[in-house]
């Protein structure tokens, strides 16, 4: 494991890269996965020191095909803050990102604490509401190239999230059709079932991984369940919209 001072320096490097939309080389330092999560924690801590507050977590590599491709048996996760929240129908500035992409997702709002190894029944009971959501991902590494530990250290590429209207959790969200459009043209068509075969499994994993990282999912937290399709690159001037069967729509505009 690297010295704490070295991890803090990496956290500062990646925080500055995100803050100032400045691409950086892949990390040359030999990191363990635990090191990478510590860099992530320290990087987000810098945001909290600037006045942001935590709002939940995002899950990554929730596609089984992606896990096999990366040689993984575990999902990855990142932290969400209020500074990352984009209003539904609002706008982002393209210049604030390095390699912005968007993924269609399902989001959960928690009404109860959730921590450690929980059952799907316990996870479902903790859900206050479910919504269509979009995650804006943005690797800060040059040429969008990174290793597993690189991406984890970089907050698992999470940069922003947009939440649509919240729905009663009694809605069956296991296998809902999802259409991602850019400028009115469908670019990705998928199903919520692509998220670990059922988005609830992602929430179960989120509780376990958060606890392993020293955090508890709390009432009011948002959990982004993970991408249901491949990510789409964003361009300035684009209008992005996601329609999810039974849940509704969510959208944003990419300004210059």
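The values are calculated or read from the model by the stated rules, or taken from the named source; none is laboratory data. Please read these numbers as outputs of a predicted model, since none were measured by experiment. Note that we place each Cβ from the backbone using ideal geometry, even for glycine, and neighbour counts take in every protein chain shown.
At a glance:
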quantity: Residue within region 154-163 that is assigned to a loop (DSSP other than H, G, I, E, B) and either closer than 18 Å to residue 89 by Cα or out of contact with any helix residue (DSSP H, G or I) (no Cβ under 6 Å at 6 or more places or on another chain) (or both) present; calculated: no
quantity: In region 239-252, the residues that are assigned to a strand (DSSP E or B) and either under 19 Å from the mean Cα position of the chain (by Cα) or surrounded by 20 or more Cβ atoms within 10 Å (Cβ to Cβ) (or both); calculated: 240, 241, 242, 243, 244, 249, 250, 251, 252
quantity: Residue match in region 168-177 (condition: within 30 Å of residue 42 (Cβ to Cβ) and either part of a strand (DSSP E or B) or out of contact with any strand residue (DSSP E or B) (no Cβ under 9 Å at 6 or more places or on another chain) (or both)); calculated: no
quantity: Which numbered condition residue 165 misses (of (1) surrounded by fewer than 17 Cβ atoms within 10 Å (Cβ to Cβ); (2) in contact (Cβ under 8 Å) with a residue 40 or more places away in the chain; (3) farther than 30 Å from residue 41 by Cα); calculated: (3)
quantity: Number of the exception - residue 213 against (1) surrounded by fewer than 20 Cβ atoms within 10 Å (Cβ to Cβ); (2) touching a strand residue (DSSP E or B) at 6+ places or on another chain (Cβ under 8 Å); (3) over 26 Å from residue 122 (Cα atoms); calculated: (3)
quantity: Out of 39, 98, 118, sole residue that is over 13 Å from the mean Cα position of the chain (by Cα), in a helix (DSSP H, G or I) and modelled with pLDDT of 95 or more; calculated: 39
quantity: Per-region count, region 182-233, residues without any contact (Cβ under 8 Å) to a residue 24 or more places away in the chain and either closer than 15 Å to residue 103 by Cβ or in a strand (DSSP E or B) (or both); calculated: 2
quantity: Test set (1) under 17 Å from the mean Cα position of the chain (by Cα); (2) surrounded by fewer than 23 Cβ atoms within 10 Å (Cβ to Cβ); (3) not in a strand (DSSP E or B) - residue 109 fails condition number; calculated: (3)
quantity: Selected residue [crowded, with 21+ Cβ neighbours inside 10 Å and either in contact (Cβ under 8 Å) with a residue 12 or more places away in the chain or in contact with a strand residue (DSSP E or B) (Cβ under 6 Å, 6 or more places away or on another chain) (or both)] from 147, 157; calculated: 157
quantity: Options 21, 8: the member that is at pLDDT 90 or above and part of a loop (DSSP other than H, G, I, E, B); calculated: 21
quantity: Criterion violated by residue 81 - all others in (1) over 23 Å from residue 190 (Cα atoms); (2) modelled with pLDDT of 95 or more; (3) out of contact with any helix residue (DSSP H, G or I) (no Cβ under 7 Å at 6 or more places or on another chain) satisfied; calculated: (3)
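Every residue, every condition in (1) out of contact with any strand residue (DSSP E or B) (no Cβ under 7 Å at 6 or more places or on another chain); (2) surrounded by 16 or more Cβ atoms within 10 Å (Cβ to Cβ), yes or no:
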site	(1), (2)
55	no, yes
91	no, no
99	yes, yes
121	yes, no
132	no, yes
135	no, yes
